[in-house]
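Asks: Starting off with a structure, shown below.
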Amino acid sequence: MADFRKLLVWQKANALSVATAEAVESIRRSAAGSILRGQLLRSTFSIQANIAEGSSKRSDREFARYVRIALGSSTESANHLILLNCLRIIDENCFATLNAMLDEVGRMLTGLEKRLRDDE
C-alpha cells in the first residue's frame, strides 16, 4: 500500500485527532468529564493509528481488517462525543464540529473498506 500519510482518510483522521485534543483540553472539572475525555482521545487517536498500521500490510484483505477496526473506533468516538454533549461537558458548537468530522471519516472508512473488499 502507499504511504499512509498520502491517504486522504488518514489526513482527515489526523485532523480529527488534533481537533479533538484541542477541544477537550479544558475538560477536567468532573470525574465523568475526565474519564470521557480520556476515552474520546484514545478512540479518536486509534482511528488514524489503525489506518496507518493497516496500510503497511501485504494484502488488501489485511488492510480491510484494520479499516474495520478504525471504523469501530470511529463509532466508539461518536458514542463518547454524544455522551459528553448530553452531559453538557462540551458545548453544541464543539459537538457539531467534531461530530461532522467523525461522520466524514466514518463514511470514508466505509468506502475504503468496500473498495478493499471489492479488490480481493
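The values are calculated or read from the model by the stated rules, or taken from the named source; none is laboratory data. Just so we're clear, the structure is a prediction, and the values are computed from it rather than from any experiment. Note: ideal-geometry Cβ built from the backbone for every residue, glycine included; neighbour counts use all protein chains shown. Just the protein is used for accessible areas: all its heavy atoms, side chains included, with ligands, DNA and RNA removed. Shrake-Rupley method; radii C 1.70, N 1.55, O 1.52, S 1.80 Å.
Asks: I'd like the residue in region 1-26 that is charged (D, E, K, R) and in a loop (DSSP other than H, G, I, E, B) and, out of all such residues, is least open to solvent (accessible area, probe 1.4 Å). Steps first, please.
Replies: Taking region 1-26 and keeping what is charged (D, E, K, R), we get 3, 5-6, 12, 22, 25.
The next check asks that each one be in a loop (DSSP other than H, G, I, E, B); those that pass are 3, 25.
Values: 3: 57, 25: 103 Å².
Taking the candidates together, the pick is 3.
Asks: On to the next question. Can we say residue 19 is of a type in the set (A, V, I, L, M) and closer than 29 Å to residue 118 by Cα? Even if it seems obvious, please write down each step before you answer.
Replies: Details: of a type in the set (A, V, I, L, M): yes; closer than 29 Å to residue 118 by Cα: no.
No: the conditions fail for residue 19.
Asks: Please specify each residue of region 86-111 satisfying the condition of being touching a residue at least 40 places away in the same chain (Cβ under 8 Å), within 14 Å of the chain's Cα centre (by Cα) and more than 16 Å from residue 45 (Cβ to Cβ). Explain how you work it out, then say what you get.
Replies: First pass over region 86-111, keeping only residues touching a residue at least 40 places away in the same chain (Cβ under 8 Å): 87, 89-90, 94, 97-98, 101-102, 104-105, 108-109.
If we keep only those that are within 14 Å of the chain's Cα centre (by Cα) too, we end up with 97-98, 101-102, 104-105, 108-109.
Answer for region 86-111, where residues must be touching a residue at least 40 places away in the same chain (Cβ under 8 Å), within 14 Å of the chain's Cα centre (by Cα) and more than 16 Å from residue 45 (Cβ to Cβ): 97, 104, 108.
Asks: Continuing with the same structure: Kindly indicate whether residue 75 is under 30 Å from residue 119 (Cβ atoms) and of a type in the set (S, T, N, Q). Steps first, answer last, please.
Replies: Numbers: under 30 Å from residue 119 (Cβ atoms): yes; of a type in the set (S, T, N, Q): yes.
Yes, satisfied.
Asks: Enumerate the pairs (first residue in region 22-37 and at negative phi; second residue anywhere and outside any helix (DSSP H, G or I) and loosely packed, with under 14 Cβ neighbours inside 10 Å) with beta-carbon separation below 7 Å, excluding pairs fewer than 6 apart on the same chain, so at least 6 apart or on different chains.
Replies: 32/87; 34/28
Asks: Another question, then. Give 70, 78 a once-over and let me know the one that is small (Gly, Ala, Ser), assigned to a helix (DSSP H, G or I) and farther than 13 Å from residue 9 by Cβ.
Replies: 78
Asks: On to the next question. In the list 36, 83, which residue meets the criterion of being open to solvent by 70 Å² or more (accessible area, probe 1.4 Å), over 19 Å from residue 15 (Cα atoms) and over 14 Å from the mean Cα position of the chain (by Cα)? It would help to see each step written out before you state the result.
Replies: Details: 36 fails: open to solvent by 70 Å² or more (accessible area, probe 1.4 Å).
After applying the criteria, what remains is 83.
Asks: Please verify whether region 89-106 includes one or more residues that are among the small types (Gly, Ala, Ser), more than 12 Å from residue 23 (Cβ to Cβ) and either modelled with pLDDT under 95 or open to solvent by less than 70 Å² (accessible area, probe 1.4 Å) (or both). Before you say what the answer is, go through the steps one by one.
Replies: At the first step, the residues of region 89-106 found to be among the small types (Gly, Ala, Ser) are 96, 100, 106.
Of the ones still in play, those that are also more than 12 Å from residue 23 (Cβ to Cβ) are 100, 106.
Subsequent filtering for residues that are either modelled with pLDDT under 95 or open to solvent by less than 70 Å² (accessible area, probe 1.4 Å) (or both) retains 100, 106.
Within region 89-106, one or more residues are among the small types (Gly, Ala, Ser), more than 12 Å from residue 23 (Cβ to Cβ) and either modelled with pLDDT under 95 or open to solvent by less than 70 Å² (accessible area, probe 1.4 Å) (or both).
Asks: With the checklist (1) assigned to a loop (DSSP other than H, G, I, E, B); (2) loosely packed, with under 14 Cβ neighbours inside 10 Å in hand, flag the one item residue 61 doesn't pass.
Replies: (1) is the only condition that residue 61 fails.
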